[in-house]
Structures are given as structure tokens and as C-alpha cells.
Amino acid sequence: MEQQRIISVQRHLVESQHVHPQATGELTGLLWDLTLAFKLISAAVNKAGLTDVLGMAGSTNVHGEDVTRMDRYAQEVIVRMMDHGGHLCAMASEEEEEIIPLTRGDGRYVLCFDPLDGSSNIGVNVSVGTIFSIYRRVSPTGGPGCLEDVLQPGKALVAAGYAVYGSSTMLVYSTGAGVHGFTLDPSLGEFLLSHPNLRIPRRGSIYSVNEGNQAWWDDATRRYVEHLKAPAQGPYKSRYIGSMIADVHRTLLTGGVFLYPRTYKKDKARGEAKLRLLYEALPMAFLVEQAGGRALAGSQPLMEVIPHTLHQRVEVAMGSPADVDDYASFIQGAR
Ligand code: P6P
């Protein structure tokens, strides 16, 4: 069996850049800076239980959710890492109401990120992570970016990825040429290629959804999930961690489907979505589709959803193409 190359993420990024002769190295530099931020956050998350970092910071974010100090730490690390690099014209974060101004904000790219997705799980030692997406600016160069640079659909994405802080820390990213996974060797402080050219199985045997919301799903979603439980389907196994990054990472590697459907609890007519479009759903959808999977928002391709506000929420179904196609057949009324 061919020996897998020993290659760091830095080397991988440089080699990926050489595939694009017109590349300036800006995106490579941006991603290098991000990988350093992930190492710093990983070191802190991995000893969260040993410091007084745990416990609520007493603040709440734009969504009225308790913010742990780890959220704030991860947010500050990324903002300080990216502030002077000159690669960005604007940043948007789950933790900030408005776009984040930069000291050097005349760059060519835009960064949207969730600094610590699933952070409410830190206290019980469940995997959490940082999710990011990168667009090219659309506003005139030479000055700071604006909201228009951030509110772009998934099909405009230049790159996306995540760092998952679990039993090991992994970086999974794509610049549109496949999905590549790197595992951090803490003794070296290097992300080494461990999952080259990730491809999601055509069909899986795991479904991942918070069934506690079942009473407030629409009928098609309820029927789809019941369909998966029928013996004729295997039946599928249920796995739900409650940390999107962990649930989608497992789906990417083993196949199956991850769902966060709209719930019709408060607003019986329109329903409510939970996951954020710009810095949770879209970057993960980009990766899943780059790995050969599919991602939907209801019956619409998720990558085509137009963001109108920074913290817009969206219903999500993503994973193996055959599984997402089955879901779509229920949603579209064909089953
Ligand atoms: P629920 C974490 O707070 C998060 O944003 C996602 O990471 C996760 O998939 C979802 O919320 C969990 O939500 O309602 O199942 O607890």
C-alpha cells in the first residue's frame, strides 16, 4: 500500500496555491494565520477544566445565549490574529452584533466565523470547534469592507473549514479543490495531513437530529425520520451530540444525514430555524458538497440561500447524497 506523505498544513496550502498561477499568496497567508489561532484555542480548550476558565462569563451574546469565557477567549484570539494581517476587509462573528472593523481592513477577503461552536458542551467534555468561511470582497478595494462583502451566498465561497477540538484536534478545510483533514500533533505543534481528499459515502446508516423537537417538526420531516427507523431501512442508528461541528464531522467521515429542521413551536405559520447561515450552515455545506455530499435548506440548495442579515438562521439537512435525496423526496411531497 502506498505510504501516505508526511505533510504539514502549511506545505499543503503552499502546494495548493501553486495550482493557481494567478494566486498572490494572500489566501495562503490568511489560512496560515487561522491555523495558529486554532492551535492557541486547542491548547486552552484542552485544559479548560484545569483553570477558572469554565463557568459562565456572565455575559450573553447577540442571540441572548450565555457566553462561556472560552467563547470570549476563542473570539479574542481570532480577532487579534486577523486584525493586522492585511488579508481581510471585514470579519463577522456569531459573538458580535455587527461586522468587526479591522486595524488593517483593506484586504481582499472576508472572514465569517463561529469562534467556538457547541461551547455549552465544554463543561461536559464534548467536542467543540471553530467554524470559518472566506469570501472575496465585492466592495471597491482600498478601504474597509462593508456588510455587502459579508452577506454573500455559499456559491461565492472561496474557502471554508473548521477546527474540531475533540479526542484529537483536527483541521478540515477546502479551497474548492476537495476536502482535506489534518490532525494536530501537540508535541510538534503541527497539523499533519491525516485525511487526504475526504469523500462522504454515497449513503450512510446514521441519522443525527434532536428528536426532542419532534412535536414541532412539519409532517414531512416526521415521516422521514420514522422512515429511517423502519426495520426495512436497516434500521439507521441515531447519533446526536448537540454540537454541530461534531455531528457534521462524523457525518462527513462515516456518511448519513445531519438535520436541524425548522420547528413550528412559537410561530406556527413560519416556524423558526436555529442554525446560523453565514458561520455554521454555509461553511459546513461547502465542505459536505466538496466531499461529494448534498446540503439543503428545506427543498432549496443551501449554497443558494441569500443572506439578508448577519445572524440569519436556516433549517439544515446535509450529508450523504442518497440520504439527502431521500429527505428531499419527503419534503417535496413525493413520499
Ligand atoms: P439543540 C450549538 O449551540 C448549536 O448551535 C449547534 O452546534 C448544535 O447543532 C445545535 O446548536 C444544538 O441545538 O437545540 O439540539 O441543543
Problem - Largest-first ordering by accessible area, 1.4 Å probe, given options K155, K237, K266 - result: K266, K155, K237
Exercise for the section: Report the charge-dipole magnitude of the chain in Debye, nearest 20, computed about the Cα centre from +1 at each Lys and Arg Cβ and -1 at each Asp and Glu Cβ. Expected result: 820
Completion exercise
CD proxy, 222 nm, the chain: helix-only mean residue ellipticity via -39,500 (n - 2.57) per DSSP H run with n ≥ 4, per residue, nearest 500, stands at -8000 deg cm²/dmol
Completion exercise
Amide H neighbours of L157 at under 5 Å, excluding residues fewer than 5 places away on the same chain, with H built from the backbone geometry, are none
Problem - Selected from L228, F182, L287, residue furthest toward positive end of dipole (the chain; charges at beta carbon) - result: L228
Completion exercise
Computed ³J(HN,Hα) along segment 279-289: with the Karplus parameters 6.51/-1.76/1.60, θ = phi - 60°, integer Hz and x for glycine or proline, the list is 10, 10, 5, 5, x, 5, 5, 4, 5, 4, 6
Completion exercise
Listed by chain and number, the residues whose amide H is under 5 Å from that of R313, excluding neighbours fewer than 5 places away on the same chain and using placed H, are L277
Problem - DSSP loop GluC sites (Glu not before Pro) with at most 12 other Cβ within 10 Å excluded, longest remaining stretch of the chain - result: 99-335
Completion exercise
Per the Cα gyration tensor, segment 9-195 corresponds to an equivalent ellipsoid with semi-axes, largest first in Å, of 26, 22, 13
Completion exercise
Once Lys and Arg are counted +1 and Asp and Glu -1 for all other residues with Cβ under 9 Å from that of G107, the total becomes +1
Problem - Under the Debye formula (equal points on every Cα, no solvent term), log10 I(q)/I(0) of segment 206-331 at q = 0.15 Å⁻¹ - result: -0.63
Problem - Where segment 208-281 is the region considered: accessible area per residue in Å², 1.4 Å probe - result: 43
Handout entry: Simple Cβ-charge dipole of segment 198-313, Lys/Arg +1 and Asp/Glu -1, about Cα centre, in debye nearest 20
Key = 180
Completion exercise
Whole-number value, in Å³ per residue, for the convex hull of the alpha carbons of the chain is 145
Fill in the blank from the handout: What the 5 Å binned alpha carbon P(r) of segment 112-226 shows, as percent of pairs per bin from 0, is 2, 9, 12, 14, 17, 16, 16, 9, 4, 2, 0
Practice task
Tally up the carbon and sulfur contribution to the accessible surface of the chain as a whole percent, 1.4 Å probe, everything protein left in place.
Solution key: 52
Handout entry: Count, lysine Cα pairs under 18 Å in the chain, 8 or more residues apart or across chains
Key = 4
Problem - L198 long-range amide H proximity, modeled H, under 5 Å - result: V179, H180, G181
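The values are calculated or read from the model by the stated rules, or taken from the named source; none is laboratory data. Predicted, not measured: the structure shown is a model, and the values here were computed from it. No Cβ is skipped: glycine too gets one built from the backbone with ideal geometry, and neighbour counts run over all protein chains shown. Accessible surface areas use protein heavy atoms only, side chains included; no ligands, DNA or RNA. Shrake-Rupley method; radii C 1.70, N 1.55, O 1.52, S 1.80 Å.
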